[in-house]
Amino acid sequence: MLTLLPPAKIRKLTLICLFICAMPAVLSAQNLFLQTIDICNPSNYCMDCGDVKATCDQFNLDYIADNINRKYSLKEAFGSITFQVLVDDHGFPCVYSHTDNTNSPLTADLIRFLNGNIWKAARINGKPVNASVNVIFRFAYGAISGRMQRMDLEQLKPPGDPTIYNTTAYKNPSLKNYQFITWTRYNSPLPDNVSKYCAIDKADVLWYATDKGLTRFNGTTFDPINEFNSPFIIETAIHNITVDKDNAKWVYANDKIYKYTDAGWQIYDFQKFLASGVNNILNSRHGDLLFATKTGLVVKRDDKVVVINKRAVKELPSNDITYAYNDSHKHLWIGTAKGNIVLDRNTIATTFDSDKTPLRNVTITGAVEDEKGNIYFSLVDYNNTSGDDNDKEGLAVLKPNGKWLHFTDKNSGLPSNRINTMMYDKFEHVLWIGTDKSGLVRYDLDGGWENYNNNNSAVPGFKIYQLVQDSKGLIYATTANGLLRIKKK
C-alpha cells in the first residue's frame, strides 16, 4: 500500500492519494464495514460542522460518476461505497476512510477523483475551519451516482434510556433465541435511520421508506430508489407504502399516489378522492386497498372506488380517518380522530362511545388477528395530546365469544401504554408489539410478556415504528435508530 500524505503535505506536493484494491461486481451489505486508510489524523477536523458546511458542487460528483461509468462495466453492481473526506480550512481534501474492504481499483479511482476535486471549506462565524464530509456513491441499474451525505448529529446521539412504567422484573427467557442485526445510514446505504413506514413484498424484498428517500433490501443488498429507476429523486420524502394482493407497490409521495409493478411506475389517477392528503395506506386481507384520509375512507376494490364518510355512514364519528382493518368475518373496523366504528358485511354500523368496551373514547391505530379469531387493537386516547402515559390506551383484545380484554402497564406485562405497531408472528404464534418509549414487547398470548430494548438487548433504541415479517419468518422493525432484523436462531 502506498503511503498517503496528510493535507498539509498535499498542499506542498501534488494531490496523491491512491489506494490499490479489487472490488467484486456486486457490493452487498455484508462488506459494508468501515475501513480506515492511514493517511491523516482526523482529530483536528469537526464532523460535518459549520454554518456553511464543507462542500463541493454536485456537478463535480456527477463528473466523477460519469468517468467511472465510462471506465467500468457496472451491469451487475448494486450497493454503495461511502467515503469520509477531510477538507481543511483552505479547501484541500483528503479521503480518510471508506466502506469498501474488498481492495478495488474502482475505489482507488474514486479516491483519486475525490482528492483532486474542488472543495469549499466549512465556515463557522465566517471563519474557515477543518471539517469532514461524507460522500456516498451508489451502484444501481448499470450506473454509479454520487451525493454528499450530510451527518445528522441528532441521529448519532445515543438513544437514551427507555421509559418503563411497569414494575415487572422482565426475565426475557426467549431473548437468547434471537439474533439481532441493525443497519443505519452510517454502516449501510440506508437513506435515513428513521423510518415510519415499510412493507414486505411477495419476493421477501423489504421496501424501506423515509423522509430522505426509499430503498429496497433483499436481505443482502440495498437498492436505492432514485431518478435512474423511478419518478423520485434520491431524497424524495416517502410518506407511506404498502403492497397489495397482486404484489403491486403503492407509494404516497409528493402528494400523489404511485403504483409500481413489473411494468414500471405510474401515477394512480384518483386524486379527487385524496385531495385532503393520505393519513395511511392499508391493504385489506380481502384484497381491497384502504386509503385513510382526512375526508373519509377511500376503498379501492378492483376498478371501483368507494368513499366512506359521514354522508354515506351517519354513525361515523369523524371524516378524519386514522386507521381501518378488515377482519376474518369481513367486518370493517374504522378508527377516526373522534372514535371508532365497525361495519358488518351488510354495512350495519356499531359505535362504541356509549358502550363499556375498551374502544370508548379512544382511536384504533392498529389491529391484527390470530388463527383462533382473537383480534388485537392498539389504542390512543384522542384527547391525550401530550403523549403521557394513559390507561385508556394500551392493548384491547376482542375474543371470538365477544368478550373484551384491556391490557395496560398496570394490569399486564406491557411496559408502557403507547403502541406504535403490532405484528402477529405466524411462525411462533406470538404477538410482537412496538412501543413508542419502551422498545419491543413479545407476548406469547398465554400471559408471558417480555420486553427488549437498548438497555437489555441489541435492539438499537426504544422507539419502534413498524413491524413486518417475510415468508421465512424474518422480522424487520423500523425504529428511530436504524433498521432492525430479528432472526430466530
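Modelled with pLDDT under 80 and within 26 Å of the chain's Cα centre (by Cα) - does that describe any residue in segment 79-91? Reasoning before the result, please.
Here is the first cut: in segment 79-91, the ones modelled with pLDDT under 80 are 79.
With the extra rule that they be within 26 Å of the chain's Cα centre (by Cα), the set shrinks to 79.
Yes, segment 79-91 contains at least one residue that is modelled with pLDDT under 80 and within 26 Å of the chain's Cα centre (by Cα).
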Study note, to complete from the structure: Output for Cβ contacts, cut-off 6 Å, separation at least six or different chains, first residue open to solvent by less than 10 Å² (accessible area, probe 1.4 Å) in segment 469-489, second of a type in the set (S, T, N, Q), reads Ile475/Gln469; Thr478/Ser195; Thr478/Gln466; Gly482/Thr182; Gly482/Thr184; Gly482/Asn193; Leu484/Thr182
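Within segment 310-323, track down each residue that is over 15 Å from Leu379 (Cβ atoms) and either modelled with pLDDT under 95 or not polar (S, T, N, Q) (or both). Give the steps one after another, and end with the answer.
Residues of segment 310-323 over 15 Å from Leu379 (Cβ atoms): 310-316, 318-321.
Correct list: Lys310, Arg311, Ala312, Val313, Lys314, Glu315, Leu316, Asp320, Ile321.
So for segment 269-282 (the condition being touching a residue at least 60 places away in the same chain (Cβ under 8 Å), in a loop (DSSP other than H, G, I, E, B) and polar (S, T, N, Q)), does at least one residue qualify? If you could, list the steps in order and put the result at the bottom.
So the first thing to find is which residues in segment 269-282 are touching a residue at least 60 places away in the same chain (Cβ under 8 Å), and the list is none.
The answer is no; no qualifying residue exists.
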Study note, to complete from the structure: (1) open to solvent by 50 Å² or more (accessible area, probe 1.4 Å); (2) without any contact (Cβ under 8 Å) to a residue 12 or more places away in the chain all hold for Gly264 apart from (1)
Check your understanding: Mind checking which residues of segment 59-78 are within 27 Å of the chain's Cα centre (by Cα), open to solvent by 50 Å² or more (accessible area, probe 1.4 Å) and under 17 Å from Gly146 (Cα atoms)?
Key -> Phe78
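Of these, Asp223, Asp269, Asp255, Asp246, which one is open to solvent by 10 Å² or more (accessible area, probe 1.4 Å), on the phi > 0 side of the Ramachandran plot and at pLDDT below 95?
Of the residues listed, the single one that is open to solvent by 10 Å² or more (accessible area, probe 1.4 Å), on the phi > 0 side of the Ramachandran plot and at pLDDT below 95 is Asp255.
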**Study point:** Every residue from segment 288-316 that is touching a Lys or Arg at 6+ places or on another chain (Cβ under 6 Å) and part of a loop (DSSP other than H, G, I, E, B)
**Key:** Asp288, Leu316
Review point. Can you name every residue in segment 165-185 that is in contact (Cβ under 8 Å) with a residue 40 or more places away in the chain, open to solvent by 30 Å² or more (accessible area, probe 1.4 Å) and assigned to a loop (DSSP other than H, G, I, E, B)?
Key: Tyr165, Thr168, Tyr170, Lys171, Pro173
Study note, to complete from the structure: Within segment 381-426, of all residues that are buried (at least 17 other Cβ atoms within 10 Å of the Cβ) and of a type in the set (Phe, Trp, Tyr), the one modelled with the lowest pLDDT is Tyr382
Check your understanding: In segment 70-100, how many are part of a loop (DSSP other than H, G, I, E, B) and more than 30 Å from Val129 (Cα to Cα)?
Key -> 7
Revision key, fill the gap. Residue set Ala275, Ala324; condition surrounded by fewer than 21 Cβ atoms within 10 Å (Cβ to Cβ) and of a type in the set (A, V, I, L, M); output residue Ala275
Practice item. Could you list, in sequence order, all residues of segment 198-223 that are of a type outside the set (A, V, I, L, M, F, W, C) and in a loop (DSSP other than H, G, I, E, B)? Key: Asp201, Lys202, Asp204, Asp211, Lys212, Asn218, Gly219, Thr220, Thr221
Review point. In segment 103-124, which residues are assigned to a helix (DSSP H, G or I), within 11 Å of Ile64 (Cβ to Cβ) and open to solvent by 10 Å² or more (accessible area, probe 1.4 Å)?
Key: Asp109, Arg112, Phe113
Exercise for review: Select, from Pro162, Pro158, the only residue that is part of a loop (DSSP other than H, G, I, E, B), within 16 Å of Asn454 (Cβ to Cβ) and open to solvent by 70 Å² or more (accessible area, probe 1.4 Å).
Suggested key: Pro158
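The values are calculated or read from the model by the stated rules, or taken from the named source; none is laboratory data. All values derive from a computational prediction rather than experimental measurement. When we count neighbours, we look across all protein chains shown, and the Cβ atoms used for this are built from the backbone with ideal geometry, even at glycine. The accessibility values were calculated without ligands, DNA or RNA, using every heavy atom of the protein model including side chains. Shrake-Rupley method; radii C 1.70, N 1.55, O 1.52, S 1.80 Å.
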